[in-house]
Amino acid sequence: MAIDTSLKVKGTGIKVRNVLTRAERIAALKAADRFKDGDSVLGLPKVRVHKISLKKKKKVKSEEAEGKGKGKK
């Protein structure tokens, strides 16, 4: 039985993986100039996986919100 689309949590496809595929490891090594064409794809060195964390946006107080709280008693 499938889960109804209204019950699915959005953003579940985005998660941190701690294991990269061979192609992803080779791409990361090429970017760091640690892999050259013709090198063996077996026995690749370890590649650090950087965890991406999203920062929450700070609420900016507007001048109107500050003005409403002052002076009226």
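The values are calculated or read from the model by the stated rules, or taken from the named source; none is laboratory data. Given the structure is predicted, the values throughout are model-derived calculations rather than measurements. Cβ coordinates were reconstructed from backbone atoms using ideal geometry, including for glycine residues, and neighbour counts include every protein chain displayed.
If a residue has to be at pLDDT 90 or above and not in a loop (DSSP other than H, G, I, E, B) to count, how many in region 17-66 make the cut?
The qualifying residues number 10.
Are any of the residues in region 8-15 modelled with pLDDT under 90, surrounded by 10 or more Cβ atoms within 10 Å (Cβ to Cβ), within 15 Å of the chain's Cα centre (by Cα) and assigned to a loop (DSSP other than H, G, I, E, B)?
no
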